[in-house]
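The values are calculated or read from the model by the stated rules, or taken from the named source; none is laboratory data. Model, not experiment: these values are computed from the prediction. Cβ atoms come from the backbone with ideal geometry, glycine included; neighbour counts cover every protein chain shown. These area figures cover heavy atoms from the full protein model, side chains too; ligands, DNA and RNA do not enter into them. Shrake-Rupley method; radii C 1.70, N 1.55, O 1.52, S 1.80 Å.
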Amino acid sequence: MVKVVKFGGSSLADAAQFKKVGDIVRADEARCFVIPSAPGKRFSGDTKVTDLLYRCYRLAKDGQDFSDPFSQIKSRYQEIIDGLGLAVSLDEEFAKIEKSLKSDPREDYTASRGENLNGRLMAAYLGYDFVDPYDVIFFDADGALEEEKTRYCTSIMLKEHPRAVIPGFYGQGADGNVKTFSRGGSDITGSIVAGAVRADVYENWTDVSGCLAADPRVVQNPVPVKVITYKELRELSYMGASVLHEDAIFPVRKEGIPINIRNTNRPEDEGTWIVESTCQKTGYTITGIAGKKDFCAVLISKDMMNSEVGFCRKVLQAFEENGISIEHMPSGIDTMTVVVHESEFMDKEQRVVSAIHRLAEPDSIEIEADLALIAVVGRGMKSTRGTAGRIFSALAHAHVNVRMIDQGSSELNIIIGVENRDFERAIQAIYDIFVITQI
């Protein structure tokens, strides 16, 4: 059996956490490949190393002194080295980073050094080989992952290093410079490695014992989810659930590799299993609830719209011309609604409105802001009668006005639009009726 194990920033924040990780890796011979994040917060009010590195970059870019945050970073790593009793020096690596910041500051390179340095320490601590993802993970000119090349190079490299530490978060861009994933991208690195070596399990260790049915900042002590499918997690991740980066699903899904979300501080907990398909019941009709605030709904009306060939394409072209991505698009006979992120749309709204009039000649256009979207997700919804009715009943009893409804053909999820101010109340009401009372 081969396991790929990824550890988040909170799992590697200091020497004490490193020791926990070392115990976890050594407890199972199958844990052959380790993907570390940069050191996270040690306590409330602390600063993540990656955030300190971004601060160094911004100061260097503006020609300002970055010595203070740079010294903090060096101290963080030295504390880990001393706490673990490692005979390792990072002076040469810090000299390279400092030289880059002074001569040619690059954001992605600077930000990636947190994982790079932590990977070097982890390799030394475990006695594993160090493999730089710069040599095996590649991005094209548009910044997209070159999947086949990355998979091939990673597979070949790791055959030569059967026990290795591969830092997360970055690879090599088309221009030869370091290129990072979006924040949280170490999850993707772990998934890439798992797919490349055809691992039996991809373990993702963090500071919670798996996925929860709702955001604990909104719902007090939400129930844990024992088993969830890739599709369900993809829906929840996209709508704000933050246990795993939403793009980390794809490399392992192709190989049918299960993901196990575990807690570094409670390694005895089984955590959550993320699988392609399962016959196991969730215990509830729904698997989870997640949502985001600050959307806009653009309502386009035109009589006989349903009989006009190409009307929807013309409307969507107006958004495409202005570089705005579409989130959802519920429609009626003479109306269609396009839901977009408020932050992307606000500065371009009149250009989009003009373009829709020019391209599609609608009767009217209305814009509604301050919209929150909530996804109710669950594989059990498909075989359960009255799920939508229970949702709307719960919201009505909580005095929440539903502004939008959108259900996919897979019956895996229902998207509800409510006002921003009703967001938390709506999630609590839905959770209560499906989990607490189970009416």
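Give a quick list of chymotrypsin sites (Phe, Trp or Tyr not before Pro) in segment 1-102 that DSSP marks as loop, anything other than H, G, I, E or B, with at most 11 other Cβ atoms within 10 Å.
Working: sites: Phe7, Phe18, Phe33, Phe43, Tyr54, Tyr57, Phe66, Phe70, Tyr77, Phe94; in loops: Phe43, Phe66.
For chymotrypsin sites (Phe, Trp or Tyr not before Pro) across segment 1-102 that sit outside H, G, I, E and B with at most 11 neighbouring Cβ atoms in 10 Å, the list reads Phe43.
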* Structure fact -> By the Cα gyration tensor axes a ≥ b ≥ c (a/c under 1.5 gives rounded; else a/b larger than b/c gives prolate, otherwise oblate), the shape of segment 77-165 is oblate
* To do: Could you sort 331-343, 286-298 so that the peptide with the highest average Cβ count within 10 Å comes first and the rest follow in order?
  => 286-298, 331-343
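Within segment 343-439, list the GluC sites (Glu not before Pro) lying in a DSSP loop whose Cβ has at most 15 other Cβ atoms in a 10 Å radius.
On the way: sites: Glu344, Glu349, Glu366, Glu368, Glu411, Glu419, Glu424; in loops: Glu411.
Those satisfying the criteria are Glu411.
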* Rounded to the nearest 0.05, what FRET efficiency do Ile333 and Ser393 give with R0 = 35 Å and r taken as the Cβ-Cβ distance? Could you check? => 0.85
* Asked: Taking the simple approach of a point 7 Å from Cα along Cα-to-Cβ for both Ser242 and Ser71, what is their distance in nm?
  -> 3.1 nm
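First measure r as the distance between the Cβ atoms of Glu424 and Glu361, then evaluate 1/(1 + (r/R0)^6) with R0 = 30 Å and state the FRET efficiency to the nearest 0.05.
On the way: r = 41 Å, r/R0 = 1.35.
Computed FRET efficiency for Glu424 and Glu361 comes out at 0.15.
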* Structure fact -> With the 8 Å Cα cutoff and a minimum separation of six or more residues, the chain has a relative contact order in percent of 13 percent
* To do: First compute the accessible area of the chain with a 1.4 Å probe, then give the percent of it belonging to carbon and sulfur atoms.
  => 47 percent
* To do: Counting only heavy atoms of the protein chains, get the accessible area per residue of segment 135-227 (1.4 Å probe) and round it to a whole Å² value.
  => 44 Å²
* **Choice from Pro39, Pro330, Pro222 showing the highest fluctuation, given a GNM over the chain with Cα pairs closer than 10 Å** => Pro330
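So if we plug the beta-carbon distance of Ser103 and Arg198 into 1/(1 + (r/R0)^6) with R0 = 41 Å, what FRET efficiency do we get, rounded to 0.05? Walk me through the numbers before you get to the answer.
Details: r = 42 Å, r/R0 = 1.03.
Once rounded, the FRET efficiency stands at 0.45.
At 0.36 nm per residue, minus the direct Cα-Cα distance, what do Glu147 and Val2 gain on full extension? Give it in nm, one decimal, please.
Numbers: separation 145, 0.36 × 145 = 52.20 nm, distance 2.14 nm.
Taking Glu147 through Val2 to full extension adds about 50.1 nm, to one decimal.
From the helices alone, meaning DSSP H stretches of at least four residues, give me the mean residue ellipticity at 222 nm for the chain, per-run term -39500 (n - 2.57), in deg cm²/dmol to the nearest 500. Don't skip to the end; give the middle numbers.
Values: 14 runs with 163 residues, N = 439.
Mean residue ellipticity at 222 nm (helix-derived): -11500 deg cm²/dmol.
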* 5 angstrom amide H check on Gln172, placed H, neighbours 5+ away -> Ile137, Phe138, Phe139, Lys179
* Asked: Between segment 110-150 and segment 310-349, how many Å separate their Cα centres?
  -> 38 Å
* To do: Return the label of the correct value of mean projected area of the Cα convex hull in nm², as calculated from the structure shown, out of (1) 20.6; (2) 22.4; (3) 23.6.
  => (3)
* To do: May I ask for the angle, rounded to the nearest 10°, between helix 49-61 and the longest principal axis of the chain, with both axes built from Cα atoms and the value confined to 0 to 90°?
  => 90 degrees
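Under a 1.4 Å probe, what is the accessible area of segment 274-331 per residue, stated in Å²?
So segment 274-331 comes to 52 Å² accessible per residue, rounded to a whole number.
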* **Where Val400, Val309 fall by accessible area, highest first, once all protein chains stay in place (1.4 Å)** => Val309, Val400
* To do: Extending each Cα 7 Å along its Cβ direction at Glu342 and Asp129, get the distance between those two points in nm, one decimal.
  => 5.2 nm
* To do: Please list, or write none, the lysines whose alpha carbon is within less than 20 Å of the alpha carbon of Lys96, excluding same-chain residues fewer than 8 places away.
  => Lys61, Lys74, Lys179
* Put +1 on the Cβ of each Lys and Arg and -1 on the Cβ of each Asp and Glu in segment 81-149; which of Met122, Ile81, Leu145 then has its Cα farthest toward the positive end of the dipole? -> Ile81
